[in-house]
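Take a look at the structure set out below.
The values are calculated or read from the model by the stated rules, or taken from the named source; none is laboratory data. Only a predicted model underlies this, so the values are computations on that prediction, with no experimental measurement involved. Positions of Cβ are backbone-derived with ideal geometry, glycine not excepted, and every protein chain shown enters the neighbour counts.
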Amino acid sequence: MTPLDSMPLTPGFADPVADAQSCFRALLEAMARPGRVQRLAALPEAPAPLSPAAAAALLTMADAETPVWTDAGPAAEAWLRFHAGCPLVARPGEAAFLLASGPMPPLAALAAGTEEEPHRSATLVLQVAALEEEEAWRLSGPGIENSHPLRVEGLPDSFLPDWAANATRFPRGVDLVLCAGPRLVALPRTTRIEEAG
Amino acid sequence: MTALGYNFGYLDENTKRMIRRALLKAVAIPGHQVPFGAREMPLPYGWGTGGIAVTASVIGTGDRLKVIDQGADDTTNAVSIRRFFAKVAGVATTESTAEATIIQTRHRIPETRLREGQILVYQVPMPEPLFRLEPRVAETRRMHALADYGLMHVKLYEDIARHGHVAISYNYPVLVGGRYLMSPSPIPAFDNPKMDRMPALQLFGAGREKRIYAVPPYTSVRSLDFEDHPFQPVRADAPCALCGSRESYLDEVLTDDQGGRMFVCSDTDYCNTRQTHREAAE
Ligand SMILES: [Zn+2]
């Protein structure tokens, strides 16, 4: 018996059907309009260290068909297993979804799909310290009319070169969902990031 | 579950989740066809199953749904689909393009410019733009992987050599984001330019082939052409007999059995709105 079995599980979505739908719309809007911050209306009570937006994103997308990797520890693992019913994997490269609350897993180590099936690629849900639509980065690409400002706190120094390397593999690549508290931003593989001068 | 015994939006949650995952990847890879492994849906394919599956996975109680069939809100098909969603999802419906948050369409793009905050869902009978030229699915996949679209260029060039122009008046192939060759579904070539850098999100669902693809907002959608034979959308050279529009796509309708005919807007909401404004101005 591990202590986990006696740990009480916090609830998932209060209204699973409606909450998953509204969270999905936020994710779809985020993926379609990179850099725009979406605030989720319906949030689950996820155990620490999961941020509510990251937990909601996983509940919306993951299930028994999607291997999930997470670094968030036993309480988060038990919560995900119970509410999403997803298998958890030890190797980041085997996951369809990754939920990282600590250091960012290297993008190059994640599933990027194949030239014929680029959709068989990982989505990395990454918890960051803060997300603001302020000019630190200038985003461009599909979904963005001209350019869009974004400031993210809590990314490793290697992020921009790693992101640029991710883009060179197009149509292969990894897509990113950045989460802070109840808010999220998506960066699909097509988004180009420039540092605002 | 609603009192009617349907799950909200008709599809079960596992199927919706699978379609939602496919939609997110489709948006991330503009123009690429993403397969979805849904079980058979209890609707005949001609009904627009792919579009319905996409709409059912996206729609929520805050939405206002418009459904058009060849531009018209009042055909049997459009009315049935609208009623269906009003019943299984309890959503508000509308015939007004401007008021809709989701527009499910078969074979047209509305004349009224779509805006941010709207999603256009296309019913797609055949998602593969190369299928007439290359029937082997494995081969078309390879061509998409390599962006090897020579076969389509040859076909268009042969058209020009034979007819002096590209003889495709609907389902005219487009290149999305400069990368993927995509079928715009059987919309008239006249509508193709509306897809380019559209502020609304465009989602495509093919039920029989179980494929989903997407064009994110503000994404380049270029109709294939040649420098010396640029793409030219065709429109009947006449004003609409009802509203006088010289910009809209027209249907030719018979007015009697003596061969009398007239041209009217295919987009009924656009035409009605113009007629109302005209009367108000008089
Ligand atoms: Zn008219």
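Here are the numbers for the structure shown:
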| read-out | value |
| --- | --- |
| Helices (runs of 4 or more DSSP H) enclosed by segment A:12-97 - at least 3 residues per element that are within 13 Å of chain B (Cβ to nearest Cβ) | A:16-32, A:52-61 |
| Hits in segment B:2-39 - residues which are at pLDDT below 65 and in contact with a helix residue (DSSP H, G or I) (Cβ under 9 Å, 6 or more places away or on another chain) | B:THR2, B:LEU4, B:TYR6, B:ASN7 |
| B:ARG235 vs. criteria of a type in the set (Lys, Arg), in contact (Cβ under 8 Å) with a residue 12 or more places away in the chain and within 13 Å of chain A (Cβ to nearest Cβ) | no |
| Residues (acidic (Asp, Glu) and in a strand (DSSP E or B)) located in segment B:194-204 | none |
| Test: residue in segment B:82-96 that is closer than 23 Å to B:GLU252 by Cα, surrounded by 21 or more Cβ atoms within 10 Å (Cβ to Cβ) and away from chain A (no Cβ under 14 Å) | no |
| Sole residue being more than 14 Å from chain B (Cβ to nearest Cβ) and touching an Asp or Glu at 6+ places or on another chain (Cβ under 7 Å), chosen from A:ARG189, A:ARG172, A:ARG151 | A:ARG151 |
| Tabulated pairs, segment B:57-77, first in the same structural domain as B:HIS107 (by TED's automatic domain parsing), second surrounded by fewer than 18 Cβ atoms within 10 Å (Cβ to Cβ) and charged (D, E, K, R), C-beta under 7 angstrom, 6+ apart or interchain | B:ARG64/B:GLU99 |
| Filtered residues of segment B:247-260 (kept if out of contact with any Gly (no Cβ under 8 Å at 6 or more places or on another chain) and within 26 Å of B:THR112 (Cβ to Cβ)) | B:GLU247, B:SER248, B:LEU250, B:GLU252, B:VAL253 |
| Yes/no for B:ALA161 being part of a helix (DSSP H, G or I) and surrounded by fewer than 21 Cβ atoms within 10 Å (Cβ to Cβ) | yes |
| Inter-residue pairs, beta-carbon under 7 Å, first part of a strand (DSSP E or B) and in segment B:174-193, second small (Gly, Ala, Ser), 6+ apart | B:VAL174/B:SER223; B:VAL176/B:GLY31; B:TYR180/B:GLY31; B:MET182/B:GLY31; B:PRO188/B:SER169 |
